[in-house]
Amino acid sequence: MATKPQPITRTRTCRACGQSFEYPLAGSAATRHHCEQCVEIPAAYRRVVERLLIRVEALEAKLKRIETEKQS
Ligand SMILES: [Zn+2]
């Protein structure tokens with residue numbers, strides 16, 4: 001019963017680039033919210049990237065909506 005608690009690896013989505021990544025992974029610098037690459041971006045820049053990702057996702061959702069409207 002004295003087993004060391006192992007962290008549960010989950011698939012997470014990076015807040016900055018939108019990519020899926022496994023967290024936590026041994027030897028990986030990734031955090032709960034950022035993948036290994038984005039963790040290296042200075043926080044001030046990362047905030048801008050995060051804001052842009054939100055806009056890109058909003059635009060993608062809008063595009064998808066337009067596409068579905070076209071089909072009907
Ligand atoms: Zn990322």
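Below are the figures for this structure:
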read-out	value
Close pairs (7 angstrom Cβ cut-off, 6 or more residues apart or separate chains): closer than 14 Å to residue 18 by Cα in segment 41-67, of a type in the set (A, V, I, L, M) and surrounded by 11 or more Cβ atoms within 10 Å (Cβ to Cβ) anywhere	46/16; 49/16; 49/41; 50/16; 53/16
Residue pairs meeting the criteria (Cβ under 8 Å; at least 6 apart or on separate chains; first farther than 9 Å from residue 12 by Cβ, in segment 22-36; second loosely packed, with under 12 Cβ neighbours inside 10 Å and of a type in the set (Val, Ile, Thr))	24/9; 25/9
Test: residue 29 is hydrophobic (A, V, I, L, M, F, W, C) and either surrounded by 13 or more Cβ atoms within 10 Å (Cβ to Cβ) or assigned to a loop (DSSP other than H, G, I, E, B) (or both)	yes
Count of residues meeting criterion [surrounded by fewer than 11 Cβ atoms within 10 Å (Cβ to Cβ) and in a helix (DSSP H, G or I)] in segment 37-50	3
Top-ranked residue in segment 1-38 [being within 13 Å of the ligand (Cβ to nearest atom) and basic (Lys, Arg); ranked as nearest to the chain's Cα centre (by Cα)]	15
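Here, each number is a calculation from the coordinates, and none is a lab measurement. Note that the coordinates shown come from a computational prediction; the quantities given were computed from them, not determined experimentally. No Cβ is skipped: glycine too gets one built from the backbone with ideal geometry, and neighbour counts run over all protein chains shown.
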